[in-house]
Amino acid sequence: MKKVALFYVFILLWLHSAAAQSIITIEVYENGSAIWNIEKRLPLPNQAAIDDWTGFIQKGHDQEQYRNDMLEFSSRIEWFMRSAENITNRSMWATNFNISYGTTKTLSGDFGIVRYVFEWKKFSKVSSRKILIGDVFSEDMFLTEDNVLVIKIPDGYEVTSTTPNYDKRDGNRLIWDGTLYRSFSRGEPSIVLSLTPTGDGTWLIAGVLAVITGGSSMIFLREKQTAKPAPESIEYFSPLPPVTDEELQYEEMIERVLIKSGGQAYQSDIVKEIGVSKSKISIVLARMKEDGRILKIRKGKENLIRHIINK
């Protein structure tokens with residue numbers, strides 16, 4: 001098939017600004033899922049551009065437009081999922097879509113940020129003590145000088161092989177930089193991860209414990225009839241109180257604040273915007289988190305609340 005310009009996902013995400021910088025971060029988890037964070041950095045060369053971008057963020061999309069953008073974003077990703085399924089013969093799906101906006105200052109200037117996030121279930125192939133990454137990349141692709149691809153591997157794993165090799169490594173982050181032009185063949189980048197041996201006899205100890213546990217279970221079976229019944233285990237918890245009409249209104253108000261703020265806002269800002277007590281907002285946010293409608297992310301001493309639209 002025809003080679004995809006830039007990096008294929010940005011054709012899918014319709015981001016065409018040639019001057020923009022793109023950072024694609026794929027955080028791989030041990031269970032094979034991955035969080036994709038696709039960040040587009042738009043240069044703001046002067047104060048007028050900064051003011052325009054700040055005004056856009058403050059105004060935000062209206063709810064209908066935001067939902068339309070989310071629908072288009074998720075639909076394009078779903079299309080790519082079906083292509084990857086056909087190539088790999090593996091079932092996979094995407095969820096937890098989100099679009100947000102922001103600004104950042106760097107040594108090279110000010111930038112507006114557009115961030116696309118989603119979770120890719122069954123992104124990599126998990127086999128025994130190995131994780132295989134790359135079979136979902138069904139098209140030839142290349143990075144231009146303004147593109148960076150980052151794949152973050154899970155703790156406890158080491159890189160057995162990569163094709164092509166990464167340009168640099170920062171801890172668990174493998175980085176391919178498009179500065180010198182980087183082309184990939186189908187199925188690349190391909191990465192094999194292996195569970196890291198601890199070197200301290202942990203695997204041997206685990207095996208011995210398994211044998212001991214097996215012997216103990218046999219003793220337990222023989223003595224079960226004479227043993228006294230164990231006291232019933234009681235779990236104490238505080239369930240959320242029943243939802244009230246007032247709290248339903250607060251949930252709608254919180255959603256409007258998040259949409260207005262580009263999909264995320266600090267909890268303290270939500271409290272100020274709505275004008276009710278911290279404890280009341282905390283209860284409503286706890287319920288929304290339980291329902292899978294928001295993510296609560298700890299940032300220093302504050303909670304960043306991120307809106308989720310599940311497909």
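Readers should treat all values here as calculations from the given coordinates under stated rules, not as data from a laboratory. Since we're looking at a predicted model, the values are computed, not measured. Here Cβ is always computed from backbone atoms with ideal geometry, including for glycine, and neighbour counts include all displayed protein chains.
Conditions tested, residue by residue: (1) assigned to a strand (DSSP E or B); (2) closer than 30 Å to GLN58 by Cβ; (3) of a type outside the set (D, E, K, R); (4) touching a residue at least 12 places away in the same chain (Cβ under 8 Å).
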| site | (1), (2), (3), (4) |
| --- | --- |
| ASN96 | yes, yes, yes, yes |
| ILE99 | yes, yes, yes, yes |
| THR104 | yes, yes, yes, yes |
| GLY112 | yes, yes, yes, yes |
| ILE151 | yes, no, yes, yes |
| GLU158 | yes, no, no, yes |
| THR162 | yes, no, yes, yes |
| ASN165 | no, no, yes, no |
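Looking at (1) in contact (Cβ under 8 Å) with a residue 60 or more places away in the chain; (2) within 18 Å of the chain's Cα centre (by Cα); (3) closer than 25 Å to GLY263 by Cα, can you tell me which one SER75 breaks?
Tallying (1) in contact (Cβ under 8 Å) with a residue 60 or more places away in the chain; (2) within 18 Å of the chain's Cα centre (by Cα); (3) closer than 25 Å to GLY263 by Cα, SER75 fails exactly one: (1).
Looking only at the stretch 275-292, how many residues end up being closer than 17 Å to MET253 by Cβ and touching a residue at least 40 places away in the same chain (Cβ under 8 Å)? Write out each step before concluding.
Step one: list which residues in the stretch 275-292 are closer than 17 Å to MET253 by Cβ, which gives 275-289, 291.
Okay, now just the ones that are also touching a residue at least 40 places away in the same chain (Cβ under 8 Å), so 283, 286-287.
Count: 3.
What number of residues in the stretch 94-133 are surrounded by fewer than 19 Cβ atoms within 10 Å (Cβ to Cβ) and more than 29 Å from ILE259 (Cα to Cα)?
9
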